[in-house]
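Step one of this worksheet: look at the structure below.
The values are calculated or read from the model by the stated rules, or taken from the named source; none is laboratory data. Note that the structure is predicted; figures quoted are calculated from it, not measured. With ideal geometry, Cβ positions are generated from the backbone for all residues, glycine too; neighbour counts draw on all protein chains shown. Remember, those area values only see protein heavy atoms, side chains included, never the ligands or the DNA or RNA. Shrake-Rupley method; radii C 1.70, N 1.55, O 1.52, S 1.80 Å.
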Amino acid sequence: ARFHGNRRWEPVGPRPPLAAMFADRTAAGAAVESLWRSARSARCEAKSCQTGKILTAEAAVQSHSSRDAGVQTDQSKDAVQDFQQEVQVDYASLLSFLQRVEDAVIKELNKNWESRAFDGFEVNWTDQNETVLCLHTLSYPEAQDQNLQVTSVSWNATGSVVACSYGRLDGGDWSTEKSYVCTWNLHRRGLNPQRPDLVVDVPSSVMCLAFHPSQPSLIAGGLFSGELVVWDTSRTEDPVTWRTGMTDDTHTDPVYQVTWLPAAKHRNHNRLLSVSTDGKILVWREERDGRLALAEGFAVVAQQVPRSAQLKKFTWGEAAVGVTSLSFSHFDPRVFVVVHLHSMLQTQPLLSLQLSKKYLFCVRWSPVRPLVFAAASGEGDVHLFDFEKSSQKPALSIKQAAGEHPVYCVEFNTKQTRLLAAGDAAGAVRVWQLSSDFTEQGPREMNHLEQLASEITD
């Protein structure tokens, strides 16, 4: 075809037919010779699409020899001599200085010696603990199956064993139901909270317990029947050591508290004091035949109770007044306090607190902090008071059990002072670890308590 200027194409020669232009034809195949296969064969490489094998070798990056070098400079003998010369003391000037400040230093030392700022303060070298924790929940399933309640708890002389008594403080025929005394050693390896180390079957409901203050295996109990029993926990086969039996001297009402008397004159013989709602306070001595014999006794009558106590059940006279709680003086072991007496100097209470809409079953002072006490409430709480923080409301209220099962008993551990045991109507004993706030005594804490009492009475 030719191109003439910009006008058009003109065909050269005759046009082939249209069908001939688009007819099917078979063209011969084209062959291209491969050169890479021959090149690989010449280099003896495998016929594969992968690259050739990579050759590697390991080489040490550390030097073959090592040598320690000191990072401190060596001290020469000349340097030591120079240093000794620099610290030469001018004893004449030192003596002159000490003579000038002697009077002032002695004056300050005497002021410190006479200071009472840290009276009563005890250093606690144990780790600080800022929260109250439940360490153990102890129970005896067989007692719980009988719907028995924890009526009392007590710590032994070492502070490692806790005991509880099972009985009943609500409705039911208390006189015929058997009960139990159970002990757990919290330091025993493999402690089972639901398997006590010792279980003692008791034919009558146990109302109160008290471990001996110095003999760790002796524990006394007061029964609903009015009897007293002393068990030796080291005698697992027959733990009963002494008992009063049912005699004319025995209480006619349930025993609500039993206390070991200080062994001043009778160091070789233990004596027990028991109180009951029959109005009698009885002292018992041991006999060789395993009996507890009556040594002496007291009777509390309405005539002896201050009229401000407002006893409603009795006319004034010789009518007996039931006793449910008693406390001995720490200053004179011959003096004890019962019934409604709040102060040895006046009949009016120093402070009245409404802690519960139901009953308060137990109140205990802390053995290490004069401003702290615990109270067991009918709502199922353990209230911890700290008068250093507030004299009107608890510093902390601990929920002992689910629901509103009353807490019947609470006891501080006098040896391991961070531990507090509480027993409830659901049959459980919980061991609480107190925070440092409740166990570390501040300076002059007893003075603060006396000041608080004086402010209230003024």
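The set of residues in region 414-445 that are of a type in the set (A, V, I, L, M) and open to solvent by 30 Å² or more (accessible area, probe 1.4 Å) contains only 426.
When region 160-170 is filtered for residues that are surrounded by fewer than 23 Cβ atoms within 10 Å (Cβ to Cβ), in contact with a Ser or Thr (Cβ under 7 Å, 6 or more places away or on another chain) and at pLDDT 95 or above, only 161 remains.
Considering each residue of region 396-406 in turn, none proves to be within 25 Å of residue 157 (Cα to Cα) and in a strand (DSSP E or B). Only residues that are touching an Asp or Glu at 6+ places or on another chain (Cβ under 7 Å) and farther than 23 Å from residue 157 by Cβ were counted across region 205-243, and they come to 2.
In a residue-by-residue description of region 171-182, the property of being aromatic (Phe, Trp, Tyr), open to solvent by less than 30 Å² (accessible area, probe 1.4 Å) and not assigned by the TED database to the domain that holds residue 409 applies to at least one position. Looking at residue 234, is it over 29 Å from the mean Cα position of the chain (by Cα) and either open to solvent by less than 10 Å² (accessible area, probe 1.4 Å) or modelled with pLDDT of 85 or more (or both)? Spelling it out, it is not the case that residue 234 is over 29 Å from the mean Cα position of the chain (by Cα) and either open to solvent by less than 10 Å² (accessible area, probe 1.4 Å) or modelled with pLDDT of 85 or more (or both). With respect to being part of a loop (DSSP other than H, G, I, E, B), open to solvent by 10 Å² or more (accessible area, probe 1.4 Å) and at pLDDT 85 or above, residue 411 falls outside the description.
Considering 209, 228, 191, 198, the condition of being within 18 Å of residue 138 (Cβ to Cβ) and touching a Gly at 6+ places or on another chain (Cβ under 7 Å) is satisfied by 209 alone.
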